[in-house]
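For reference, the structure is listed below as structure tokens.
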Amino acid sequence: MADDSQRNFRSVYYEKVGFRGVEEKKSLEILLKDDRLDIEKLCTFSQRFPLPSMYRILVWKVLLGIIPPHHESHALVMKYRKEQYWDIHHALRVIRFINDSTPQVDIFLRIHQLESGKLPRNSAFPLEPEDEVFLAIAKAMEEMVEDPIECYWLVSCFVNQLNSKHKDSLQQLPKVLEQYLNIEDSRLLMHLKTCAAMSKLPYDLWFKKCFAGCLPESSLQRVWDKVISGSCKILVFVALEILLTFKMKIIALNTAEKITQFLENIPQDNTDAIVSKAVDLWRTHCGTPAHSV
């Protein structure tokens, strides 16, 4: 029993200080050795622990349905994905929507638009709000993933997940944030209401773009681990922790515009700590998924 409690203490300690325990990595490696990957167990693992960087992209691809659970099909399916990408890429060149100077993320957007039947009649048409969301997520993903084809499919399937599985939940998140802020710091909530700032917080940046363009890569990956594995509610607790962390700064600001401007450009030096505290808050209020291997 002493050994178990000591090991559990070590795991919790590693998690608190930002180190991943070897036990978690070994657990994931066992899951990834199965001939048929268990989606439910991979989701549970991702909910409970940050994914090790060496396995993150593989797990995301499986959870987003880019590749199937069966190992032997991975290479063939990615071959088809690659062919599909280049076929659409070629079509867009022929109709002059893209050329050699088109930025990579804009190419991703046009491929996604054509695939989803939303390509505008003219490339000069202004972008829709949903296109801005796609580009923000694409720019963040591009920093995480080297291979452009792999990057495209991750962005496209992640955005599709947000627009289907999480669509209704995302619309409720501003209201949920207010509820939890009232529990954690009612004085701060009162200040935001007095300044008429609650309705003007950067909800699109936080919830629609899933903090892309707000948090740096190392912090953002840990948030996206939770969203991709099924919990968009983590976004509420990241927003909540940002408000709590910068409480004194926010209380010193007396207009909604100044508060929003600050929150859209938060300091980047302690975002890893913010995400760690947000995960703790999420677990406190929502519980920890049971982990089984």
**OP:** List every DSSP H helix in the chain whose Cα atoms extend 27 Å or more along the helix's own long axis and whose mean Kyte-Doolittle hydropathy is at least 0.0.
**Re:** none
**OP:** Relative to the compact-globule scaling 2.2 N^0.38 Å, provide the ratio for the alpha-carbon radius of gyration of the stretch 63-132.
**Re:** 1.29
Subject >> Quarter of the Cα convex hull surface for the stretch 200-274, i.e. its orientation-mean projected area (nm²) >> reply: 4.6
**OP:** For the stretch 23-68, go through all pairs of different Cα atoms, get the mean of 1/r, take its inverse, and jot down that Kirkwood value in Å.
**Re:** 10.6
**OP:** List the pair-distance distribution P(r) of the chain, using every Cα-Cα distance, as the percent of pairs falling in each 5 Å bin from 0 up to the bin containing the longest distance, rounded to whole percents.
**Re:** 1, 5, 11, 14, 16, 15, 13, 10, 7, 4, 2, 0, 0, 0
Original post:
For Thr255 and Lys167, what is the calculated FRET efficiency with R₀ set at 25 Å and r taken between the beta-carbons, to the nearest 0.05?
Top reply: 0.20
Subject >> For the stretch 116-262, convex hull of alpha carbons as volume per residue, Å³ >> reply: 127
Original post:
Full extension from Glu178 to Gln84: what is 0.36 nm times the residue separation minus their Cα-Cα distance, to one decimal in nm?
Top reply: 29.5 nm
Subject >> Theoretical gain in end-to-end length, Ala124 to Ser73 [0.36 nm per residue, Cα-Cα removed] >> reply: 14.4 nm
Original post:
FRET efficiency for Ala91 and Ile149, Cβ-Cβ distance as r, R0 = 25 Å, nearest 0.05?
Top reply: 0.95
Original post:
For the stretch 32-93, which semi-axes, largest first and in whole Å, follow from the square roots of 5 times the eigenvalues of its Cα gyration tensor?
Top reply: 27, 14, 9
Subject >> Taking the chain and dividing mean pair separation by its residue count, relative contact order in percent (alpha carbons under 8 Å, at least six apart) >> reply: 22
Original post:
Rg(Cα) of the stretch 17-158 divided by 2.2 N^0.38 Å?
Top reply: 1.20
Subject >> Cut-off of 10 Å, at most 16 other beta carbons, DSSP loop: longest stretch of the chain lacking such trypsin sites (Lys or Arg not before Pro) >> reply: 166-293
Original post:
Which of Met141, Met78, Met54 moves most in a GNM of the chain, Cα contacts under 10 Å?
Top reply: Met54
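Values in this text are rule-based calculations from the coordinates and carry no lab data. Please read these numbers as outputs of a predicted model, since none were measured by experiment. Here Cβ is always computed from backbone atoms with ideal geometry, including for glycine, and neighbour counts include all displayed protein chains.
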